[in-house]
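Asks: Here's a structure for you.
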Amino acid sequence: MAPRIRAALVASATGRSGLLALGVAAVAAALRYPALLHRGFVNHDVGGILYESMLLRAGGLPYVDAVELKAPLAFYLAAMGLAGPSGRDIAAFQASALVVSVVVTVWFAFAARRHLSPGGAAVAVTTYLLVAPVLDSMDANYVTWALPPALGAVLAAVRGGTSGRLRWFAVAGASLCWAVLARRQGIFVIVPVAVAAYGGAAPWGRAILAAVAGGVGALLPFEVHYALRGHPWAFVEGVVFNPWGYAYVSTVTFDPHEALRATAFFLAWPLAVALLSLGAGRGPSRPSRRVFGSVAVAYLVAAVAAAWVGGRFYKGYFLMAAPAACFVAGIGWDRIAAPGAVRWRRWIAAFVFLLLGGRQAVLWSNVAQERGIVRDRAQRRLAERVARTTGPGDRIWCWGWHLWGVYALSGRLSASRIYKGLGLLTEPHADTWRTPAPRLVFRDGPAARMLLEDFRATPPAVVILGSTVPHRDFHDLRRFLRDGYRRDPSVRMGRLEVWVRRPSPQGPSPRP
């Protein structure tokens, strides 16, 4: 048996499939290599992921021991080893994200080869190779981890729709739930899964039930984890009924013109090829390709709608739409090159494809150059100081989006459940994909009171206040610091302030 398995593996590796996988993986890795030029924090959201990973490894729970707006799957992935043995190594987490991204690219290439003609597959894979690294240049962020299960849900639903086998819909349901647990906008993937169930070979009622069963199975381990810790409702409340998350999403007024501009800017290359195919030749005749085509279009519509949620249109939000847009571009090329199609369309499509491909290459080059910029030097200096002057069991507190990485870099947990104040101690930020954030405004309310209550129970050893947060307007916090802390004059980083707790048997107690 062993020689047969070995022979099968060798044949697979040296055959067309193996060569395709190696070639795509090599190109994808080369295009994404700049992500490792600086193995540090590029997007400070990842600091939140690694903090929650630390919390999990310390026996805590997101939504219980930390006020959290985000979905939890990335926390668990980091804690399970993707962020290194400590669960807080940003370099290891970035390397894991790069490997996952390359694997997804190879997976995408095999799917394109299976469902498209050689020409259509070449168009789809080429566009994805250059589009994806630009959209997830903030690597290791939440959307990076949501993309694999979202793509898996769609491809499993296509397999179920073409084969009629219900087990593929169970896989689709499980993958859909994992996508939601990575990023809540993954719920929009339910649209292509439903299209596959309705228009496929399996009875649509049974297909939906199989997907629901798969989803329940995917959620069960997380719910059991919370239930064993005595908080069975906290997981459901944190993921589904999170009041902080809904408040964040509802703060920006949706502008449809901005939505269309952002979509056209980030997905111009694949969408242009798809639009040029309108009215050009017949669609695919094979039932499997018809199912794939309808699901791919539904996937694109749903993923773009998910990117529009919240009205900010950051480029990373469009990453989940990239596979769908590139699949549709491949389908469009198949229509343009179909027998009987007008020849001049092919020449125009080829010209547009090359022109926009050059534009995409310039965008990639800009991203590659930006990755050489060190953006977390201040965080590392502060973390070194915190680690040197505090003990492993001490708690700290940082206020400022650019400071979230200090927790992971120093290995110290927050003294408050509010470990990041954006949208809690301040009004949610209102910047978008092309407009800067206005000055932050302090918000007095339940979050501010919770912070001071936590400080009474666990006074932080060090408090770090960022230069952009409105800490001077938080009068109770300033009074708390004056009563039991001293400002460290040795730390000079712009207007940033570092406060160190003065020795006291009782510790400082904030006034009401």
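Asks: Out of the residues in the range 264-292 meeting the condition of being among the basic types (Lys, Arg) and either modelled with pLDDT of 90 or more or within 18 Å of Ala124 (Cα to Cα) (or both), tell me which one is surrounded by the fewest Cβ atoms within 10 Å (Cβ to Cβ).
Replies: Once the filter is applied, the top-ranked residue is Arg290.
Asks: Which of the residues belonging to the range 299-313 are crowded, with 24+ Cβ neighbours inside 10 Å, of a type in the set (Phe, Trp, Tyr) and closer than 13 Å to Gly186 by Cα?
Replies: Residue satisfying the conditions is Tyr299 alone.
Asks: If I filter the range 256-278 for residues that are assigned to a helix (DSSP H, G or I) and touching an Asp or Glu at 6+ places or on another chain (Cβ under 7 Å), do I get at least one hit?
Replies: So far as the range 256-278 goes, no, none of its residues is assigned to a helix (DSSP H, G or I) and touching an Asp or Glu at 6+ places or on another chain (Cβ under 7 Å).
Asks: When the residues of the range 344-391 are narrowed to those that are assigned to a helix (DSSP H, G or I) and of a type in the set (Asp, Glu), which ends up farthest from Ser277 (Cα to Cα)?
Replies: Only one residue fits best here, namely Glu384.
Asks: Follow-up. Of the residues Gly238, Gly311, Gly245, Gly230, which single one is over 19 Å from Phe108 (Cβ atoms) and without any contact (Cβ under 8 Å) to a residue 24 or more places away in the chain?
Replies: The match here is Gly230.
Asks: Any idea which of (1) open to solvent by 50 Å² or more (accessible area, probe 1.4 Å); (2) in a helix (DSSP H, G or I) is the one Val193 doesn't satisfy?
Replies: (1)
Asks: When the residues of the range 80-99 are narrowed to those that are touching a Ser or Thr at 6+ places or on another chain (Cβ under 7 Å) and in a helix (DSSP H, G or I), which ends up nearest to Phe222 (Cα to Cα)?
Replies: Across the range 80-99, the extreme among qualifying residues is Leu82.
Asks: Among Arg449, Arg495, which is open to solvent by 80 Å² or more (accessible area, probe 1.4 Å) and in a loop (DSSP other than H, G, I, E, B)?
Replies: Arg495
Asks: Could you tell me which of the residues Gly199, Gly205 is more than 30 Å from Pro428 (Cβ to Cβ), at pLDDT below 95 and open to solvent by less than 50 Å² (accessible area, probe 1.4 Å)?
Replies: Gly205
Asks: Under 30 Å from Leu55 (Cβ atoms) and assigned to a helix (DSSP H, G or I): which single residue out of Leu220, Leu155, Leu209 fits that description?
Replies: Going through Leu220, Leu155, Leu209 in turn, the sole match is Leu220.
Asks: Let me ask you something else. When Tyr248 is evaluated against the numbered criteria (1) aromatic (Phe, Trp, Tyr); (2) open to solvent by less than 50 Å² (accessible area, probe 1.4 Å); (3) more than 22 Å from the chain's Cα centre (by Cα), which criterion, by number, is the only one it fails?
Replies: Every listed condition holds for Tyr248 apart from (3).
Asks: Quick one: which residue in Arg113, Arg88 is surrounded by 23 or more Cβ atoms within 10 Å (Cβ to Cβ) and in contact (Cβ under 8 Å) with a residue 40 or more places away in the chain?
Replies: Arg88
Results for (1) out of contact with any helix residue (DSSP H, G or I) (no Cβ under 6 Å at 6 or more places or on another chain); (2) open to solvent by less than 70 Å² (accessible area, probe 1.4 Å), shown as yes or no for each residue.
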{"site": "Leu155", "(1), (2)": "no, yes"}
{"site": "Val171", "(1), (2)": "no, yes"}
{"site": "His225", "(1), (2)": "yes, yes"}
{"site": "Arg229", "(1), (2)": "yes, no"}
{"site": "Glu237", "(1), (2)": "yes, no"}
{"site": "Asn242", "(1), (2)": "yes, yes"}
{"site": "Ala262", "(1), (2)": "yes, yes"}
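Asks: Can you tell me which residues in the range 382-401 are more than 27 Å from the chain's Cα centre (by Cα), among the small types (Gly, Ala, Ser) and either farther than 23 Å from Leu452 by Cα or surrounded by 14 or more Cβ atoms within 10 Å (Cβ to Cβ) (or both)?
Replies: Ala387
Asks: Regarding Ala122, is this residue at pLDDT below 95, surrounded by fewer than 20 Cβ atoms within 10 Å (Cβ to Cβ) and small (Gly, Ala, Ser)?
Replies: When the stated conditions are applied, Ala122 does not pass them.
Asks: Kindly establish whether Tyr407 is under 24 Å from the mean Cα position of the chain (by Cα), at pLDDT below 95 and among the aromatic types (Phe, Trp, Tyr).
Replies: Taking the combined requirement at face value, the residue does not satisfy it.
Asks: Let me ask another. Has the range 40-53 got any residue that is assigned to a helix (DSSP H, G or I), under 30 Å from Leu20 (Cβ atoms) and open to solvent by less than 10 Å² (accessible area, probe 1.4 Å)?
Replies: No; the residues of the range 40-53 include none that is assigned to a helix (DSSP H, G or I), under 30 Å from Leu20 (Cβ atoms) and open to solvent by less than 10 Å² (accessible area, probe 1.4 Å).
The values are calculated or read from the model by the stated rules, or taken from the named source; none is laboratory data. These numbers come from a predicted model, not from an experiment. Methodologically, a virtual Cβ is constructed for each residue, glycine included, from the backbone with ideal geometry; neighbour enumeration extends over all protein chains shown. Accessible surface areas use protein heavy atoms only, side chains included; no ligands, DNA or RNA. Shrake-Rupley method; radii C 1.70, N 1.55, O 1.52, S 1.80 Å.
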